[in-house]
Ligand code: CA
């Protein structure tokens, strides 16, 4: 079986923030898609997310062009994250104003044979919509998620917890990156969504699923998700990449 895909993305500053620290990259021909959500003062968050997304996207594109496939793509993903980390280190060393900047990074590579491979650090998410059910494929690297996993906090208490936005893992100059890696089969009809927390913190998952399942052209669906997050308050930057898998 061989699959194909179409994709569309959108990013918006939201209704409260003055700058957009999110970034996304789409390389539809190679099947490489990334979302990054930066943090840091004096616009350093914007630098971090763009630099990480550009660097990792470039490495992954080169791996695909070199014919890297299957499990070997895990190594390519790891090297992409490491290259992004090196780029951040280099930038921080050369420009003190960017010290302490960091970013989430969620990167995926689609294989025509029908496999999705992804690497992930932080609290941006990759979801899969299949048969009407929206399932997160990534695991948030947040303090509250760690407490929930350890059984010290209930999922309900985690939702409105004041520390819900504190990241337990992020791509920054502080520590060499350890991305989670995942591989899963994808089927014709699946829809994938990469997004920053500015989407899922504003919209309940059933609402995200309903919009994502819509019949509109993909760019309109991406715009609808952003519009809905803004209509719900838009307290953060919001970024989405939608991928529809065909047979
Ligand atoms: Ca954010």
- Selected residue [in contact (Cβ under 8 Å) with a residue 12 or more places away in the chain and surrounded by fewer than 16 Cβ atoms within 10 Å (Cβ to Cβ)] from 31, 19, 45, 14: 19
- Taking residue 133, is it away from the ligand (no atom under 16 Å from the Cβ), closer than 17 Å to residue 239 by Cβ and touching a residue at least 24 places away in the same chain (Cβ under 8 Å)? no
- Tally, over region 124-137, of residues that are closer than 18 Å to residue 34 by Cβ and outside any strand (DSSP E or B): 2
- Task: Using the structure shown, decide if residue 60 is surrounded by 24 or more Cβ atoms within 10 Å (Cβ to Cβ), within 16 Å of the ligand (Cβ to nearest atom) and closer than 23 Å to residue 140 by Cα.
- Result: no
- Give me a count of the residues in region 138-152 that are part of a strand (DSSP E or B) and at pLDDT 95 or above. 0
- Do we find that residue 36 is within 15 Å of the ligand (Cβ to nearest atom), in contact with a strand residue (DSSP E or B) (Cβ under 7 Å, 6 or more places away or on another chain) and under 15 Å from residue 119 (Cβ atoms) in this structure? yes
- Among the residues of region 109-123, is there at least one that is assigned to a loop (DSSP other than H, G, I, E, B), surrounded by 13 or more Cβ atoms within 10 Å (Cβ to Cβ) and either within 16 Å of the ligand (Cβ to nearest atom) or at negative phi (or both)? yes
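To keep it simple, each residue is scored yes or no on (1) buried (at least 19 other Cβ atoms within 10 Å of the Cβ); (2) over 19 Å from residue 126 (Cα atoms); (3) within 16 Å of the ligand (Cβ to nearest atom).
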site	(1), (2), (3)
150	no, yes, no
230	no, yes, yes
234	yes, yes, yes
240	yes, no, yes
- Query: Could you say whether any residue in region 153-163 is within 16 Å of the ligand (Cβ to nearest atom), surrounded by fewer than 13 Cβ atoms within 10 Å (Cβ to Cβ), free of Cβ contacts under 8 Å to residues at least 60 places away in the same chain and not in a strand (DSSP E or B)?
  - Reply: yes
- Among residues of region 207-219 being over 26 Å from residue 2 (Cα atoms) and in contact (Cβ under 8 Å) with a residue 12 or more places away in the chain, the residue nearest to the ligand (Cβ to nearest atom) is 208
- Considering residues that are closer than 24 Å to residue 116 by Cα and either out of contact with any strand residue (DSSP E or B) (no Cβ under 9 Å at 6 or more places or on another chain) or more than 16 Å from the ligand (Cβ to nearest atom) (or both), the number found within region 39-54 is 2
- Note on the structure: Exception for residue 129 within (1) under 20 Å from residue 180 (Cβ atoms); (2) within 18 Å of the chain's Cα centre (by Cα) falls at (1)
- Note on the structure: Over region 33-53, the set of residues assigned to a helix (DSSP H, G or I) and closer than 17 Å to residue 179 by Cβ is 48, 49, 51, 52, 53
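The values are calculated or read from the model by the stated rules, or taken from the named source; none is laboratory data. Please read all numbers here as calculations on a predicted model, not as lab measurements. Cβ sites come from the backbone with ideal geometry, for glycine too, and all protein chains shown count toward neighbours.
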